[in-house]
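Undergrad: Pasting in a structure now, in structure tokens, and then I'll have a few things to ask.
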Amino acid sequence: MNLLLVVFALCAQATPGFPQAPRGGLGRAFALDGPRLERGDCVPAPLRARVADVLSSAPPVAPGTAKQLAAPPLLPFFPIGGSISGDCFLGGYVDTDPAPDSFRNFSCHDFTYDGHRGHDAALRSFAQQALGVPVFAVRDGTVAFAQDGFPDENLFPGADDGNYVVLDHGDGTASLYFHLKSGSVAFTSGATVRAGEQLGLAASSGYSFGPHLHFEVQQAGQASEPFAGACSGPESGWARQEALVLDTRLLGFGVTTTDLSTVPGLPHPWPASAQIAVTERDQYIWAQGVNLPPDSVYRFRFLRPDGSLEWETPEWPLLNDEWWRTFGVWFWFSIPAMSTAPGTWTIQLEFNGEQHVSAPVDVVPVVDPGFNRPPAPITAALDPPVPGPGQVVFCRVAAPLPIEDPDFDLVSFRYEWTVNAQVVRDATVAGHADALPGHLLALGDSVSCTVTASDGQLLGTPVVAGAVVAPQGFTNVGHGKSAQWDVPFLEGSGTLAPLSPGGLSLSQARPAATALLFLGVTPGWLPLKGGTLVPDPILLTVFLVTDAEGGIELGFLWPGSLPPGVNFYLQTWIADPDAPAGASASNGIRGTTS
């Protein structure tokens, strides 16, 4: 794998006026996940042994609890304060290949490390780590072991085990949270923790190569892989399994006059300039992203303030000979016309024919050190939109990656939570999400999250998301069956009270495929085509077809003739040649009338 490529001064426009012609090209491109075969598990064997000793000494669980079940309870969310397909990135999964010196993840890609037993959610840089990205308890539990106070900006294996929390859930399952920020661990051994409470902040302590959370689930002392796919189990252990994202996306972008060959590279943050003086002939442009296919190409366009094209490069190679799951790249350019045409220029960047950035760059006669603009506008939404009593609720921000701020500044977000107009949590962090523990929410409570973005100097316009805690008509009972790697997701909305509105929504299924919606009043848990048929006996079958995005939306008005407390079960099966036995299945959901 080519991890370091230095290709300076690729030139264009070889005319008699060449010294005044635009020129530039690739400075450095590299994979951030590095040499994965040599890394192995980021939780060393001696540390695992100590954790196992602590967990094995816990009191035995009562008969009939989840320890006797074939699978642990569904995981309700990934426990980090961000989007794992957005500002954070899930780059490493459990290694499902038992052979030594060989590795693969649940989807049969190599998005893991040899012997890796958890899931690595990476931060974009140490800058986000410094502001803080919270880590939350995925379920109620007792702290079996907690450690704090060790260095947290490691780029190589540390001499210590770092900062971490291990939760014993009291039913034969445990969850592990490694590489936390020094001074951030919020609980000590023996403490009781509720789902959604903040355990600490993600960082790079211990055996770590960059800022990330290593999250791991264990059952009966063995690490498990909750993601369902062709190279793991057919049924997902998540309440909702996130779709595997393989498209090229950028998480960060910036323009600077600082020579990037003179500063540390990622995960140390790269500098950026809000303005460029006309006397600055050289600009350095950087980008950070995910999913770069082998033999990728790039193209730049430089547009004048009037919108006309000043220069367009050819498609030049990035010279990556393998798939780069996460990557960083920077370029050097000299555009002489910028010295004679001040104003707002536009820089556009393409990878493999797709435009990913169209960034305004202010070129001025003299740089104003105090120049600054507020962060870009954001929106916020609760997840779930209408929480139920005792349910952990997230407040999720939609911010315009890769440019959250028009000056390329680092942006933080203040999350102010209220329940019945009383502030119950106030956190300023770098992540695009924050969580509120479910035990703070009772039926009829009014919950609200106000989010304000900041670049450290100016505040953005606050946005508010809110809801009233309501009875939940539907409960996820799991048993979704994967196709190649994605698991169709079925959810219901509405209280199922007489004459109340509601709906069913299917997502992440095969597009334009035949689907069967099954309904029954009892769960059968019957084996079917390598999965589990939830309703049995089936009292009603509805024939449907998924749309171009693999979804189905159905609305209804619940009848007024059914008494409260009646249960029924729904599940969707989809014809899918990529799935075992030619069919995938959604999770089952239980409806309960009110």
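The values are calculated or read from the model by the stated rules, or taken from the named source; none is laboratory data. Since the structure is predicted, the reported quantities are computational estimates derived from the model, not experimental observations. Please note: Cβ atoms are built from the backbone with ideal geometry, for glycine as well, and neighbour counts cover all protein chains shown.
Undergrad: Working carefully through the options VAL477, VAL463, find the one that is within 24 Å of the chain's Cα centre (by Cα) and within 30 Å of TYR569 (Cβ to Cβ).
TA: When all the criteria are applied, what remains is VAL477.
Undergrad: Still on this structure: So, in segment 570-590, of the ones that are buried (at least 22 other Cβ atoms within 10 Å of the Cβ) and either part of a loop (DSSP other than H, G, I, E, B) or of a type outside the set (A, V, I, L, M, F, W, C) (or both), which residue ends up modelled with the lowest pLDDT?
TA: ALA579
Undergrad: Within segment 295-304, can one find any residue that is modelled with pLDDT of 95 or more, more than 21 Å from PRO406 (Cα to Cα) and part of a loop (DSSP other than H, G, I, E, B)?
TA: Checked segment 295-304: at least one residue is modelled with pLDDT of 95 or more, more than 21 Å from PRO406 (Cα to Cα) and part of a loop (DSSP other than H, G, I, E, B).
Undergrad: When segment 31-60 is examined, which residues are found to be of a type in the set (A, V, I, L, M) and modelled with pLDDT of 55 or more?
TA: Matches in segment 31-60: ALA31, LEU32, VAL43, ALA45, LEU47, ALA49, VAL51, ALA52, VAL54, LEU55, ALA58.
Undergrad: Which condition number in (1) assigned to a loop (DSSP other than H, G, I, E, B); (2) aliphatic (A, V, I, L, M); (3) under 18 Å from PHE327 (Cβ atoms) is the one that LEU250 fails?
TA: It fails just one condition, (1).
Undergrad: Which of the strands (runs of 3 or more DSSP E) found entirely inside segment 401-480 contain at least 2 residues meeting this: without any contact (Cβ under 8 Å) to a residue 40 or more places away in the chain and either assigned by TED's automatic domain parsing to the domain that holds ILE276 or closer than 25 Å to LEU75 by Cβ (or both)?
TA: Those strands (runs of 3 or more DSSP E) span 412-419, 422-429.
Undergrad: For segment 481-504, which positions are assigned to a strand (DSSP E or B), in contact with a Gly (Cβ under 7 Å, 6 or more places away or on another chain) and surrounded by fewer than 19 Cβ atoms within 10 Å (Cβ to Cβ)?
TA: Within segment 481-504, SER493, PRO501, GLY502, GLY503 qualify.
Undergrad: Same structure, new question: If you take just the strands (runs of 3 or more DSSP E) that sit entirely in segment 122-191, which of them hold at least 1 residues that are over 20 Å from GLY265 (Cβ atoms) and more than 21 Å from the chain's Cα centre (by Cα)?
TA: Filter on segment 122-191 gives 141-147, 164-168, 173-178.
Undergrad: In segment 305-323, which residues are at pLDDT below 95 and either assigned to a strand (DSSP E or B) or surrounded by fewer than 17 Cβ atoms within 10 Å (Cβ to Cβ) (or both)?
TA: Passing the criteria: LEU319, ASP321, GLU322.
Undergrad: Only one of (1) of a type outside the set (Asp, Glu); (2) at pLDDT below 80; (3) in contact with a helix residue (DSSP H, G or I) (Cβ under 8 Å, 6 or more places away or on another chain) is not met by GLY27, so which one is it?
TA: GLY27 satisfies all of (1) of a type outside the set (Asp, Glu); (2) at pLDDT below 80; (3) in contact with a helix residue (DSSP H, G or I) (Cβ under 8 Å, 6 or more places away or on another chain) except (2).
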